[in-house]
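Asks: Okay, handing you the structure first.
The values are calculated or read from the model by the stated rules, or taken from the named source; none is laboratory data. Small disclaimer: the values here were computed from a predicted structure and weren't measured. Cβ atoms come from the backbone with ideal geometry, glycine included; neighbour counts cover every protein chain shown. Heads up: the accessible areas ignore ligands, DNA and RNA and are worked out on the full protein's heavy atoms, side chains in. Shrake-Rupley method; radii C 1.70, N 1.55, O 1.52, S 1.80 Å.
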Amino acid sequence: MEQNAFIDKLISEMTVEEKAAQMLQVPVSVVGMEAAREWARKGVGSFLNVLGDDMRELSRISCEESRLKIPTIFGIDAVHGHCLNKDATIFPSQLAMACSWNRELVEKIGHITATEVATEGIQWTFSPILCLARDPRWGRTNETFGEDKYLSGELGVSIIKGYQGEDLSDDTAILACAKHFIAYGEATGARDSYDTEITMRKIRDEFLPPFKKAVDAGCATFMTAYGSIDGTPLTANEKVLRGLLRDELGFDGFLVTDWDTVNALIRRQKVCADHGEASNAAAKAGNDMIMSTLEFYDAIIDQVKQGKINESYLDEAVKHILKVKLRLGLWEKPLKKGVPGSIGCQEHLDTALEAARDGVVLLKNNGVLPVTPDKKIRKIGVIGPNADDIRAQYGDWTYFTHPVPGIEKEPQRPFVTLLEGIRKQCEGTGIEVCYSYGCSVNRRYYYKGNYPGIPEFMEMCYEDNAYNADYYQEMPLVSEAARMARDCDLIVVAIGDNYNQVGEYNDRANLEPSGMQAALVRVLSKFNIPMVTVLISSKPLAIPEIAGRSDALICAFNGGMFGGQAVAEVIFGKINPSGRLPISFPVLTGQVPVYYNQFPGWHEGRYVDCPKDPLFAFGEGLSYTKFEYSELAFDKETNTVYVTVTNTGDFKGTETVQIYVNDVVSSVMTAVKNLVGFDRVELMPGESRALKIKIDEDAFTVVLPDERRVIEPGQFEVMAGHSSKDEDLIKIMVTF
Ligand code: BGC
């Protein structure tokens, strides 16, 4: 039977109750298996947060015991690998992946994740996040591809292709979910899920482009954002969900709400009085599937029966869901098969290592790196709370932070922390490695054992004015680290944040490293021993003093299983770092937002007590070699930039060539520059390559006050170079 006819027939046979159930997604981790079985019998559309035998049982019940035997879909947050399963491959966080600026790698990560998720039987991941992280105080910064719309859109398309493959019915293809629609990262004050003070013009200009690319790439599902735009919650925002996403962009998959957002319309956002109103508003706005608000079921049935909503709204939503189920081939294969034996297999682990390597960003190096035999290092002191803490290295959305019932939380090998990576690099070299914890990231630590420090270093902590009443209990730890460090030839200090400072509900008002971490670095720097600081964190932190005191600074974010190994390989020159920042680092918290594509302004965006520029800008990242740019040209016919890049240093290296455009005069203000293209090129010492880089089709457009995107004729600067900083770019003028 023709597909539409099959679905139409099915819908014509469904009762209102069955339609309401099909629109519901039930969280098994919350309701438990007994209730979940009942929901499966009612013909529920989807379950989330269930693995293994429980999942298989629910699948069987929906296929065999529900009246119409419509298979159910299982969804999970596999956002940097299938990380809620402790045996799976854990990749760098989305932000750390973005440091690679590597489309092929990100697609491969998507494919491997899909394979592992599918091997479990599951057909759907709630990934990727395509929101921009323009205010790093936001707790979910780590889940994004950074601050830029073009980079997020490109990497978003890559990971979607990786998840969904060529055909959704393939054994290793799963549904991607572009989330959270829309402008979720723009919550005022970076307070997660809060109201957003932006206009529709701004949304079209900045926040829509990555989602538009996701629709064009065939992303099968989207998720609504928790927040609101100018007072209207997204869950009830018909203009945005139905008008913009469905009608204008032509999205033809299904749209799921975020967790319990229908309830939030009543309890948190207070725009609906009860579940009847909230369910009605959510369905009319264009949500097809309702995540976790179980009250929706009775409420929407009642609304239909009372004539408050036309049943056609339910028909339409169910049709969107069933069409996707059909594309998945669920009637033939209710659960995915994947590739047996592939979860955490060697080939996948190798890609996790490759991703960790590509994501390491070297931000400062006064020559201390790489550590080579001629530097005659005999003893390395590895210090700091994040040097040997796999949970900090993993960040959010793993079996530690989001445990699924039945999965233990003990760290599962293989993984390599920084300490382990450095020890490995030093094996057989005669270099001694010693380790000290230094201080905790963010908890008051009460030292229980014998006092391990020595008075002179305790004094140093006090003299240094690092004393902080909350943390004074940690002084012995700092002092112990100082005692250990004093006869080392190199100090590697790993600081950052911890998984309990990351994610939903965990926004920060202060981006300075928490606890005694800054004091630890300050004390260690007094020995004048070469010092490498490694930032293992979920986001940029405000670290001007730490950067200043360090001889080298490496940003590793949350590097996944082999994050520690990759950083160690960079330190010892086994690999030449090629990562670039997908997000800017503020000097002070009060300087945010400090993203690179700001508007020009009369007061030059500066403060009396803080510079205008970020500490490290979007696109920055050093290599052990140097690259030079020449022969920049642009071809209007093909929208292609031509530029030659030369490796002028002594090491083989990979350069990320970045292309920016500035609309010189426009009728509305436009950013000082916008990224419109990039490519990676590996060059041997002395080698030159002439590159052709096709740039974004919207590169020369502007969004007018009436929300139309047009090209305004005039002059444009086309820039190419190493980072978003003016001094790193060469430019030409182009006229349209
Ligand atoms: C998050 C989503 C996630 C969902 C399901 C929500 O709280 O905002 O990103 O996919 O939970 O776990």
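Asks: If you go through region 40-79, how many residues are touching a helix residue (DSSP H, G or I) at 6+ places or on another chain (Cβ under 7 Å), away from the ligand (no atom under 14 Å from the Cβ) and either in a helix (DSSP H, G or I) or modelled with pLDDT under 95 (or both)?
Replies: Matching residues across region 40-79 total 7.
Asks: Among the listed residues Ala690, Ala720, identify the single one that is touching a residue at least 12 places away in the same chain (Cβ under 8 Å), crowded, with 18+ Cβ neighbours inside 10 Å and among the small types (Gly, Ala, Ser).
Replies: So the residue among Ala690, Ala720 that is touching a residue at least 12 places away in the same chain (Cβ under 8 Å), crowded, with 18+ Cβ neighbours inside 10 Å and among the small types (Gly, Ala, Ser) is Ala720.
Asks: Let me ask something else about it. Quick test of your reading of the structure: Gly721 fulfils all but one of (1) over 30 Å from Lys239 (Cβ atoms); (2) out of contact with any helix residue (DSSP H, G or I) (no Cβ under 9 Å at 6 or more places or on another chain). Name the failing condition by number.
Replies: Gly721 satisfies every listed condition except (2).
Asks: Just to verify a result, which residue in region 237-268, among those that are outside any helix (DSSP H, G or I) and within 15 Å of the ligand (Cβ to nearest atom), is farthest from Val304 (Cα to Cα)?
Replies: This residue is Arg268.
Asks: Another question about this same structure. Considering Lys319, Lys305, Lys325, which residue is more than 16 Å from the ligand (Cβ to nearest atom), within 21 Å of Gly43 (Cα to Cα), basic (Lys, Arg) and in contact with a Pro (Cβ under 7 Å, 6 or more places away or on another chain)?
Replies: Of the residues listed, the single one that is more than 16 Å from the ligand (Cβ to nearest atom), within 21 Å of Gly43 (Cα to Cα), basic (Lys, Arg) and in contact with a Pro (Cβ under 7 Å, 6 or more places away or on another chain) is Lys325.
Asks: Moving on to the next point. Can you tell me which residues in region 336-351 are open to solvent by 40 Å² or more (accessible area, probe 1.4 Å) and not polar (S, T, N, Q)?
Replies: Those that are open to solvent by 40 Å² or more (accessible area, probe 1.4 Å) and not polar (S, T, N, Q): Lys337, Val339, Pro340, Gly341, Ile343, Glu347, Asp350.
Asks: Pairs please, first residue from region 19-44 and farther than 17 Å from Leu314 by Cβ, second anywhere and among the aliphatic types (A, V, I, L, M) and open to solvent by 30 Å² or more (accessible area, probe 1.4 Å), Cβ atoms under 7 Å, 6+ apart in sequence or on different chains.
Replies: If the second residue must be among the aliphatic types (A, V, I, L, M) and open to solvent by 30 Å² or more (accessible area, probe 1.4 Å), the pairs left are Val26/Leu294.
Asks: Kindly indicate the residue of region 380-437 that is within 16 Å of the ligand (Cβ to nearest atom) and among the β-branched types (Val, Ile, Thr) and also surrounded by the most Cβ atoms within 10 Å (Cβ to Cβ) among those meeting that condition.
Replies: Filtering region 380-437 for residues that are within 16 Å of the ligand (Cβ to nearest atom) and among the β-branched types (Val, Ile, Thr), the one surrounded by the most Cβ atoms within 10 Å (Cβ to Cβ) comes out as Thr398.
Asks: Right, something else. Does at least one position in region 7-17 carry a residue that is away from the ligand (no atom under 16 Å from the Cβ), at pLDDT 95 or above, surrounded by fewer than 15 Cβ atoms within 10 Å (Cβ to Cβ) and not in a helix (DSSP H, G or I)?
Replies: Looking through region 7-17, at least one residue is away from the ligand (no atom under 16 Å from the Cβ), at pLDDT 95 or above, surrounded by fewer than 15 Cβ atoms within 10 Å (Cβ to Cβ) and not in a helix (DSSP H, G or I).
Asks: Hey, another quick one. Restricted to region 488-517, and to residues that are under 14 Å from Ile546 (Cα atoms), over 21 Å from the mean Cα position of the chain (by Cα) and among the aliphatic types (A, V, I, L, M), which residue is farthest from the ligand (Cβ to nearest atom)?
Replies: Top of the filtered list is Ile491.
Asks: Looking at (1) within 16 Å of the ligand (Cβ to nearest atom); (2) surrounded by fewer than 19 Cβ atoms within 10 Å (Cβ to Cβ), which is the one condition that is false for Asp298?
Replies: Every listed condition holds for Asp298 apart from (1).
Asks: Residues in region 322-330: is at least one of a type in the set (A, V, I, L, M) and open to solvent by 20 Å² or more (accessible area, probe 1.4 Å)?
Replies: yes
For (1) more than 16 Å from Val441 (Cβ to Cβ); (2) basic (Lys, Arg); (3) in contact with a helix residue (DSSP H, G or I) (Cβ under 9 Å, 6 or more places away or on another chain); (4) surrounded by 24 or more Cβ atoms within 10 Å (Cβ to Cβ), each residue gets a yes or a no:
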{"position": "Asn510", "(1), (2), (3), (4)": "no, no, yes, no"}
{"position": "Gln517", "(1), (2), (3), (4)": "no, no, yes, yes"}
{"position": "Leu524", "(1), (2), (3), (4)": "yes, no, yes, yes"}
{"position": "Pro530", "(1), (2), (3), (4)": "yes, no, yes, no"}
{"position": "Val534", "(1), (2), (3), (4)": "no, no, yes, yes"}
{"position": "Arg549", "(1), (2), (3), (4)": "yes, yes, yes, no"}
{"position": "Phe562", "(1), (2), (3), (4)": "yes, no, yes, yes"}
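Asks: Would you say Leu541 is out of contact with any helix residue (DSSP H, G or I) (no Cβ under 7 Å at 6 or more places or on another chain) and buried (at least 24 other Cβ atoms within 10 Å of the Cβ)?
Replies: It is true that Leu541 is out of contact with any helix residue (DSSP H, G or I) (no Cβ under 7 Å at 6 or more places or on another chain) and buried (at least 24 other Cβ atoms within 10 Å of the Cβ).
Asks: Considering only region 157-193, how many residues are touching a Gly at 6+ places or on another chain (Cβ under 6 Å), within 15 Å of the ligand (Cβ to nearest atom) and of a type outside the set (A, V, I, L, M)?
Replies: Residues flagged as touching a Gly at 6+ places or on another chain (Cβ under 6 Å), within 15 Å of the ligand (Cβ to nearest atom) and of a type outside the set (A, V, I, L, M) within region 157-193 amount to 4.
Asks: For region 194-220, which positions are within 16 Å of the ligand (Cβ to nearest atom), touching a helix residue (DSSP H, G or I) at 6+ places or on another chain (Cβ under 7 Å) and within 20 Å of Val157 (Cβ to Cβ)?
Replies: Those that are within 16 Å of the ligand (Cβ to nearest atom), touching a helix residue (DSSP H, G or I) at 6+ places or on another chain (Cβ under 7 Å) and within 20 Å of Val157 (Cβ to Cβ): Pro210, Ala214, Cys219, Ala220.
Asks: Considering only residues that are out of contact with any helix residue (DSSP H, G or I) (no Cβ under 6 Å at 6 or more places or on another chain) and closer than 22 Å to Ile203 by Cβ, which ones fall in region 249-267?
Replies: Listed by number, the residues that qualify are Gly250, Asp252, Leu255, Val256, Asp258, Ala264.
Asks: Quick one: Leu95 ticks every box in (1) on the phi > 0 side of the Ramachandran plot; (2) within 16 Å of the ligand (Cβ to nearest atom) except a single one, so which number is it?
Replies: (1)
Asks: Here is a follow-up. Can you pull out the residues in region 221-236 that are free of Cβ contacts under 8 Å to residues at least 60 places away in the same chain and within 16 Å of the ligand (Cβ to nearest atom)?
Replies: Phe222, Tyr226, Gly227, Ser228, Pro233, Leu234, Thr235
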